[in-house]
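Engineer: Dumping the structure here so I can ask a few things about it.
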Amino acid sequence: MHIVILGCGRVGSLIAHILEDQGHSVAVIDQDPEAFRKLRSGFKGIKVTGIGFDRDVLTEAGIERAGAFAAVSSGDNSNVIAARVARESFGVQRVVARIYDPRRAEVYQRLGIPTVATVAWTADQMLRRLLPEGAVSLWRDPTGAVVLAEVAYSDSWLGEKVCDLESAAHTRIAFIARLGEAVIPGPGLVLQEGDVVNVIAEDSSLDRIAAVFGGRVPGKGAH
């Protein structure tokens, strides 16, 4: 697949190297010709200096034959405009834009432009490592109403069936991360120490679910 990347910063250059290593052809666009120094000396892809949403620049980068487009420059507006041009003018199906402003990212998601909200994602990742309790979202649907979240649980649930935890919290556990592997919970699966529980639920229900997970097993004494 031919893939066009807007922005040759640390993220753009890393993506370009990974894609090239996987056998894809890559073109990188940046307004600053000095930015291409971040690419390794053996990079075989196309380097185009110019504005990422300019049609001629995109054409020079091979957008007309591209199967995907990633906008990861430092400007939210440039990323969104370029993503829209790639999709609406050139018909690229796989398009994603990096957005720093999480409020703006939600708006663009609703417009059908897949976005990675850098600030929100980074905050979530930091919180996962700082707070051992509660719920931290890993994914949200474009409307923001449905989330996949990692939810902490109290030790009193260890040894209990996962289905009982689901029943108590009135939720659905999408999968358990156990010893580096993802496990889809069956009716007899028992929660073990070290398990990471991932729930799919409505965002408005997360606090309630986290409270149940963090409490005692119904009818079981405190440990």
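Engineer: Provide the convex hull volume over Cα atoms per residue for the stretch 144-222, in Å³.
Structural biologist: 83 Å³
Engineer: Could you tell me the relative contact order of the chain? Use alpha-carbon pairs under 8 Å, at least six residues apart, and round to a whole percent. Intermediate results must be reported in sequence, preceding the final value.
Structural biologist: Details: 426 pairs, mean separation 30.1, N = 223.
Worked out over the chain, it gives 13 percent.
Engineer: Please list 20-29, 1-10 highest first by mean number of surrounding beta-carbon atoms within 10 Å per residue.
Structural biologist: 1-10, 20-29
Engineer: Once phi is turned into ³J(HN,Hα) by the Karplus curve 6.51 cos²θ - 1.76 cosθ + 1.60 with θ = phi - 60°, what whole-Hz value does each residue of the stretch 153-170 show in order, with x for glycine and proline?
Structural biologist: Working through the residues one at a time gives 9, 7, 5, 5, 7, 4, x, 8, 6, 4, 5, 6, 5, 4, 5, 5, 8, 6 Hz.
Engineer: Continuing with this model, one more query. How much mean residue ellipticity at 222 nm does the chain get from its helices, if each DSSP H run of length 4 or more adds -39500 (n - 2.57) and you divide by all residues, to the nearest 500 deg cm²/dmol?
Structural biologist: Numbers: 7 runs with 66 residues, N = 223.
Taking each H run of at least 4 residues, the total per residue is -8500 deg cm²/dmol.
Engineer: To the nearest 20 debye, what charge dipole does the chain have about its Cα centre, counting +1 at the Cβ of each Lys and Arg and -1 at the Cβ of each Asp and Glu?
Structural biologist: Roughly 300 debye, rounded to the nearest 20.
Engineer: OK, next. Roughly how tilted is helix 10-21, in degrees to the nearest 10 and between 0 and 90, from the longest Cα axis of the chain?
Structural biologist: So the inclination is approximately 90 degrees.
Engineer: Shifting gears a bit: Just how large is the dipole of the stretch 2-117 about the Cα centre, in debye to the nearest 20, putting +1 at every Lys and Arg Cβ and -1 at every Asp and Glu Cβ?
Structural biologist: Approximately 260 debye in magnitude.
Engineer: Still on this structure, I have one more. Once you list every other residue whose beta carbon is under 14 Å from the beta carbon of ILE81, what net charge do they have if Lys and Arg are +1 and Asp and Glu are -1? Walk me through the intermediate numbers first.
Structural biologist: Details: positive: ARG55, ARG84, ARG87, ARG98, ARG104; negative: ASP54, ASP76, GLU88.
Taking every other residue near ILE81 into account, the sum is +2.
Engineer: Please compute one quarter of the surface area of the Cα convex hull for the chain and express it in square nanometres.
Structural biologist: In nm², the orientation-averaged hull projection of the chain is 14.2.
Engineer: If you don't mind, another one. Once fully extended, how much extra length lies between ASP155 and VAL183, figured as 0.36 nm per residue of separation less the alpha-carbon to alpha-carbon distance? Before the final figure, lay out the partial values.
Structural biologist: Details: separation 28, 0.36 × 28 = 10.08 nm, distance 1.96 nm.
Full extension of this stretch gives 8.1 nm more.
Engineer: Between helix 118-130 and the chain, what is the angle of the helix's C-alpha long axis to the longest principal axis, kept within 0 to 90° and rounded to the nearest 10?
Structural biologist: 30 degrees
Engineer: Related question: For GLN192 paired with SER74, estimate the spin-label separation in nm (one decimal), with each label point 7 Å from Cα along the Cα-to-Cβ line.
Structural biologist: So the label points at GLN192 and SER74 sit 4.8 nm apart.
Engineer: Using +1 at the Cβ of each Lys and Arg and -1 at the Cβ of each Asp and Glu in the stretch 2-117, identify which of VAL92, ILE51, ILE18 lies farthest towards the dipole's positive end.
Structural biologist: Checking the options against the dipole of the stretch 2-117, the answer is ILE18.
Engineer: Separate question: Would you mind telling me which residue in ARG140, ARG94, ARG37 has the biggest mean-square fluctuation in a Gaussian network model of the chain, where springs connect alpha carbons within a distance under 10 angstrom?
Structural biologist: Taking springs between Cα atoms under 10 Å, the residue moving most is ARG37.
Engineer: Here is a further query. What does the charge count around VAL162 come to, taking other residues whose C-beta lies under 13 Å from its C-beta (Lys +1, Arg +1, Asp -1, Glu -1)?
Structural biologist: -1
Values in this text are rule-based calculations from the coordinates and carry no lab data. Since the model is a prediction, treat every value here as computed from it, not as a measurement. As a convention, Cβ positions derive from the backbone with ideal geometry for all residues, glycine included, and neighbour counts pool all protein chains shown.
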